[in-house]
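To start, the structure under review is shown below, and the notes come after it.
The values are calculated or read from the model by the stated rules, or taken from the named source; none is laboratory data. In this text the structure is predicted, and so the values were computed from the model without any measurement. Heads up, the Cβs are rebuilt from the backbone with ideal geometry, glycines too, and the neighbour counts pull from every protein chain shown.
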Amino acid sequence: MTEVAPAPTRRFSNKTIIALTATGALVGAAFGYGAMRLLDHLHVSPKELGWTDFLALWLGLVFIAYALLFGFLSTSPKHLAQLLEGEQATVPASHQEVNTARLQSVVLLLAGFLLMLPIFVQHLLSRPAIGAQIFALIAVLFAVQTWANIRLWLDSDEFGRRIILEVCALTFAIGQGFFFLWAAAEHLHLVHSISAWNIYSLLMMLYLLSSSWAGVRHSRS
């Protein structure tokens, strides 16, 4: 799964970043409660899940929360302009900015859903061929998300693309260094091996932190 950082055509204000963080936390908490209830309904015991499963669930909820937030704000060009420019914005968001926000919402929604789907279908894997069918669904959704990512990159302006590149570079630089050191230690029998799912969950956590750092770095008061 490839991700891109939120790519506004203007800079976020510090106040906006704080408001987004608080809103995302509240919405994420509500979705978290719902996710736990759904796991219980699907007879998936938390004891069967590893710590990276919980991390993936949390990341998925964060992405979905932000997807809903971007999608909701894109229905109002005035509010979207205030999100991008700050409360002092007087000119509504442009048609391109609205489309970019909606496309970002789709990307984040798919990212969250794809992270959570393998966990929620654990109880179905005992059925014949169900794993292959679920993987086929994941592959299709991944292809759709990849197309949306490409469209988001093409539709972003120079500022948005610079943020995307910074997030990708930071995620790669830190991620490849950390996982190389872990792989070397694993090869020397100094640490336990970790699965591809563990690596991916940690990589997505790093992506989220890198995106937050980039947002703060390019913010303005």
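Within the range 123-131, does at least one residue satisfy the condition of being surrounded by 11 or more Cβ atoms within 10 Å (Cβ to Cβ) and either within 26 Å of His95 (Cα to Cα) or at pLDDT 90 or above (or both)?
Checking the range 123-131: not a single residue is surrounded by 11 or more Cβ atoms within 10 Å (Cβ to Cβ) and either within 26 Å of His95 (Cα to Cα) or at pLDDT 90 or above (or both).
Which pairs turn up if I take residues in the range 168-187 that are within 14 Å of Leu203 (Cβ to Cβ) and look for partners that are exposed (fewer than 14 other Cβ atoms within 10 Å of the Cβ) and among the β-branched types (Val, Ile, Thr) with beta carbon separation below 8 Å, at least 6 apart in sequence or on another chain?
Final answer for the pair search is Trp182/Val191.
Looking at Leu110, is it modelled with pLDDT of 90 or more, within 19 Å of Tyr66 (Cα to Cα) and in contact with a Leu (Cβ under 8 Å, 6 or more places away or on another chain)?
Taking the combined requirement at face value, the residue satisfies it.
Is there a residue in the range 100-116 that is assigned to a loop (DSSP other than H, G, I, E, B), surrounded by 13 or more Cβ atoms within 10 Å (Cβ to Cβ) and in contact (Cβ under 8 Å) with a residue 60 or more places away in the chain?
Checked against the condition, which is being assigned to a loop (DSSP other than H, G, I, E, B), surrounded by 13 or more Cβ atoms within 10 Å (Cβ to Cβ) and in contact (Cβ under 8 Å) with a residue 60 or more places away in the chain, the range 100-116 yields no hits at all.
Checking Val167 against (1) at pLDDT below 85; (2) in contact with a helix residue (DSSP H, G or I) (Cβ under 9 Å, 6 or more places away or on another chain): exactly one of these is not met. Which one?
(1)
Restricting attention to the range 179-221, report how many residues are farther than 26 Å from Gly112 by Cα and of a type outside the set (Gly, Ala, Ser).
Number satisfying all stated conditions: 11.
Could you list, ordered by first residue, the pairs with Cβ atoms under 7 Å in which the first is in the range 127-139 and outside any loop (DSSP other than H, G, I, E, B) and the second is surrounded by 11 or more Cβ atoms within 10 Å (Cβ to Cβ), at least 6 apart or interchain?
Here the result reads Ile130/Leu124; Ile134/Val121; Ile138/Leu114; Ile138/Leu117, each pair linking the range 127-139 to a residue that is surrounded by 11 or more Cβ atoms within 10 Å (Cβ to Cβ).
Looking only at the range 116-153, count every residue that is over 23 Å from Ala65 (Cα atoms) and in contact with a Leu (Cβ under 6 Å, 6 or more places away or on another chain) and tell me the total.
Qualifying residue count, the range 116-153: 3.
Which one of the conditions (1) farther than 18 Å from Ser210 by Cβ; (2) part of a helix (DSSP H, G or I); (3) of a type in the set (D, E, K, R) does Arg161 fail to meet, given that it meets all the rest?
With respect to (1) farther than 18 Å from Ser210 by Cβ; (2) part of a helix (DSSP H, G or I); (3) of a type in the set (D, E, K, R), Arg161 is out only on (1).
Could you tell me whether the range 193-205 includes any residue that is under 19 Å from the mean Cα position of the chain (by Cα), within 23 Å of Ala101 (Cα to Cα) and without any contact (Cβ under 8 Å) to a residue 60 or more places away in the chain?
no
Here is a list of conditions, (1) touching a residue at least 24 places away in the same chain (Cβ under 8 Å); (2) within 27 Å of Trp51 (Cβ to Cβ); (3) under 16 Å from the mean Cα position of the chain (by Cα), and Ile163 meets all of them except one; can you say which number that is?
For Ile163, the exception is condition (2).
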